[in-house]
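Asks: What follows is a single structure, and I will ask about it in a moment.
The values are calculated or read from the model by the stated rules, or taken from the named source; none is laboratory data. No experiment lies behind these values; they were computed from the predicted model shown. So basically every Cβ, Gly included, is an ideal-geometry build from the backbone, and we count neighbours across all protein chains shown.
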Amino acid sequence: MLFLEDLDTNEGPNYRNFGWVGTAGLMMKTQLGLGILSIPSVFDTLGMIPGLICLCFIAAITTWSDYIVGTFKLRHREVYGIDDAGGLMFGRAGQEIFGFAFGPYWTFVCGSAMISVSIGFNAVSNHGTCTAVFVAVAAVTGFIFASIRTLGKLSWLAWLRFICVISSVIIFTIAVGIQDRSAAAPQDAVWVSDYELFKKPSFTNAISAICALIFAYAGTSAFFSIAAEMRDPRHYTRSLILCQTVISACCIAIGCVMYYFCGSYVASPALGSAGLLIKRVSYGIALPGLIVTTMLTCHLASNHVFVRVLRGSKHLAANTFTHWTSWIGCTFDIKVVAYIIASGIPIFSGLISLIKALLATSLLFQPMGCMWLYNNWKRGKQDRSIT
């Protein structure tokens, strides 16, 4: 187990150096991004009202899950990541299973972020060069900034990313609202949005849509690492409330407006639904934020591997040659794997579907339920014995 309090030294990186506002920014960064662009398509599958109900329900459940992360971390200060929580609850097997899920999940998310960056470069440059080149550019820039050692020094980039993505999506949403029709809608006749309040999807399509909503809130597994680097983890709940309020409001507003005006003619990602000019403007504004996404997701996966490799060693918190070569090596390896994933599955919607089916749900709900039981089971037994 790892006590970050013991790693706050003058001889190495300060692992506890950002407050609750910076924490909220990092939380919003892990939650808001690729997933929000799929919400209009979810509404197209389920219908606006069932989609909105499912969105609010999942937002409530994930908020509870996020809250449990904070309470578990406060009660068990030795826990750094979700793998440590698994080890505490289920022993070595739990630690390995949770750790195996966490690392690949954020590596896949990093790969999907690189695809999103390449889509943005293609939109801005009007396909000025090969997509593989843009994926490589995303990999290189993401690696450079991901090598910054602590999350505290990256919190301002998280806010930059949030502002860029939100500004881009708002511009796009306004453009969709004032245009006659979606860019993908028929252009040769009078067109009225074909949105539907209720639909009758197949079971498979409905489950796929719900999984997409889950992916929009699937940053919970990273909250352990974020909470561990707070100056005062007791302010975690304050950061969580700000994060979930902003994220849920954005998801509801943007999802409803986009689906209302675009109907079934929604692109994936949704920024392609407003026409070429707005698409280029939106992606131009979003690109810095998308690049930051590749950096932060790489950092989360790399830090997980780094801590596992150097746990129990003096090199974990000291500015030694072993410390920095291990860290740079971890970030480089994660970025290479993410690049291979992005190059091998260059379809945005396909990669998102793979991630959410394999890993997202298993990291968002089940572990937090187990944490609640771990914290409360013994107390419940003691209460019954007293009565």
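Asks: Among Thr107, Thr173, Thr129, which is the only one that is over 25 Å from Phe215 (Cα atoms) and either out of contact with any Leu (no Cβ under 7 Å at 6 or more places or on another chain) or among the aliphatic types (A, V, I, L, M) (or both)?
Replies: When all the criteria are applied, what remains is Thr129.
Asks: Assess whether Glu229 counts as being of a type in the set (Asp, Glu) and under 20 Å from Thr45 (Cβ atoms).
Replies: Considered against the rule, which asks whether it is of a type in the set (Asp, Glu) and under 20 Å from Thr45 (Cβ atoms), Glu229 comes out as no.
Asks: Follow-up question, since we're still on this one. From the list Phe72, Phe90, Phe100, exactly one residue is buried (at least 17 other Cβ atoms within 10 Å of the Cβ), at pLDDT 85 or above and in contact with a helix residue (DSSP H, G or I) (Cβ under 9 Å, 6 or more places away or on another chain). Which is it?
Replies: On the way: Phe90 fails: buried (at least 17 other Cβ atoms within 10 Å of the Cβ); Phe100 fails: buried (at least 17 other Cβ atoms within 10 Å of the Cβ).
Step by step, each of Phe72, Phe90, Phe100 is checked, and only Phe72 is buried (at least 17 other Cβ atoms within 10 Å of the Cβ), at pLDDT 85 or above and in contact with a helix residue (DSSP H, G or I) (Cβ under 9 Å, 6 or more places away or on another chain).
Asks: Out of all the residues in the stretch 228-241, which are under 21 Å from Tyr217 (Cα atoms), surrounded by fewer than 19 Cβ atoms within 10 Å (Cβ to Cβ) and either among the charged types (D, E, K, R) or in contact with a strand residue (DSSP E or B) (Cβ under 9 Å, 6 or more places away or on another chain) (or both)?
Replies: Passing the criteria: only Arg238.
Asks: Search the stretch 24-43 for residues that are closer than 13 Å to Trp159 by Cβ and pair each with any residue that is modelled with pLDDT under 80 and surrounded by 24 or more Cβ atoms within 10 Å (Cβ to Cβ) when their beta-carbon atoms are under 6 Å apart and the residues are at least 6 apart or on different chains.
Replies: As it stands, the answer is Gly25/Ala158; Leu26/Ala158; Lys29/Ala158, since those pairs meet every condition given.
Asks: Filter the stretch 287-323 down to residues that are among the aliphatic types (A, V, I, L, M) and over 16 Å from the mean Cα position of the chain (by Cα), then give me how many there are.
Replies: 8
Residue-wise test of (1) modelled with pLDDT under 85; (2) part of a helix (DSSP H, G or I); (3) under 27 Å from Ala360 (Cα atoms).
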residue	(1), (2), (3)
Ser168	no, yes, yes
Ile171	no, yes, no
Gly177	yes, yes, no
Glu196	no, no, no
Arg238	no, yes, yes
Ile247	no, yes, yes
Ala267	yes, no, yes
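Asks: Something else: It is to be established whether one or more residues within the stretch 86-101 are among the charged types (D, E, K, R) and in contact (Cβ under 8 Å) with a residue 40 or more places away in the chain.
Replies: Within the stretch 86-101, none of the residues are among the charged types (D, E, K, R) and in contact (Cβ under 8 Å) with a residue 40 or more places away in the chain.
Asks: Give the residues of the stretch 196-227 that are surrounded by fewer than 17 Cβ atoms within 10 Å (Cβ to Cβ) and over 23 Å from Ile252 (Cα atoms), sorted by residue number.
Replies: Ser202, Phe203, Thr204
Asks: Just wondering, is there one or more residues in the stretch 294-313 that are free of Cβ contacts under 8 Å to residues at least 40 places away in the same chain and among the basic types (Lys, Arg)? Can you show your working first?
Replies: Of all residues in the stretch 294-313, those free of Cβ contacts under 8 Å to residues at least 40 places away in the same chain come to 306, 309-310, 312-313.
This time we only want the ones that are among the basic types (Lys, Arg), so: none.
Within the stretch 294-313, none of the residues are free of Cβ contacts under 8 Å to residues at least 40 places away in the same chain and among the basic types (Lys, Arg).
Asks: Are any residues in the stretch 242-262 surrounded by 15 or more Cβ atoms within 10 Å (Cβ to Cβ) and aliphatic (A, V, I, L, M), and if so, which ones? Explain how you work it out, then say what you get.
Replies: Of the residues in the stretch 242-262, the ones surrounded by 15 or more Cβ atoms within 10 Å (Cβ to Cβ) are 242-244, 246-248, 250-252, 254-262.
Once the filter is applied, which keeps residues that are surrounded by 15 or more Cβ atoms within 10 Å (Cβ to Cβ) and aliphatic (A, V, I, L, M), the stretch 242-262 yields Leu242, Val246, Ile247, Ile252, Ile254, Val257, Met258.
Asks: Just need a number here: residues in the stretch 171-221 that are within 30 Å of Gly103 (Cα to Cα) and of a type outside the set (A, V, I, L, M, F, W, C).
Replies: Count: 7.
Asks: State which residue is farthest from Val137 (Cα to Cα) when the search covers only the stretch 338-364 and only residues that are modelled with pLDDT of 85 or more and either over 18 Å from the mean Cα position of the chain (by Cα) or of a type outside the set (A, V, I, L, M) (or both).
Replies: Looking at residues that are modelled with pLDDT of 85 or more and either over 18 Å from the mean Cα position of the chain (by Cα) or of a type outside the set (A, V, I, L, M) (or both), I get Ile340.
Asks: Another question about this same structure. How many residues are modelled with pLDDT of 85 or more and not β-branched (Val, Ile, Thr) if we restrict to the stretch 143-166?
Replies: The qualifying residues number 2.
Asks: Would a scan of the stretch 122-134 turn up a residue that is surrounded by 24 or more Cβ atoms within 10 Å (Cβ to Cβ) and assigned to a helix (DSSP H, G or I)?
Replies: Looking only at the stretch 122-134, we keep the residues that are surrounded by 24 or more Cβ atoms within 10 Å (Cβ to Cβ), and these are none.
No: the stretch 122-134 contains no residue that is surrounded by 24 or more Cβ atoms within 10 Å (Cβ to Cβ) and assigned to a helix (DSSP H, G or I).
Asks: Turning to a different aspect of this structure: For the stretch 198-236, how many residues are outside any loop (DSSP other than H, G, I, E, B), touching a residue at least 12 places away in the same chain (Cβ under 8 Å) and among the hydroxyl-bearing types (Ser, Thr, Tyr)?
Replies: Of the residues in the stretch 198-236, 5 are outside any loop (DSSP other than H, G, I, E, B), touching a residue at least 12 places away in the same chain (Cβ under 8 Å) and among the hydroxyl-bearing types (Ser, Thr, Tyr).
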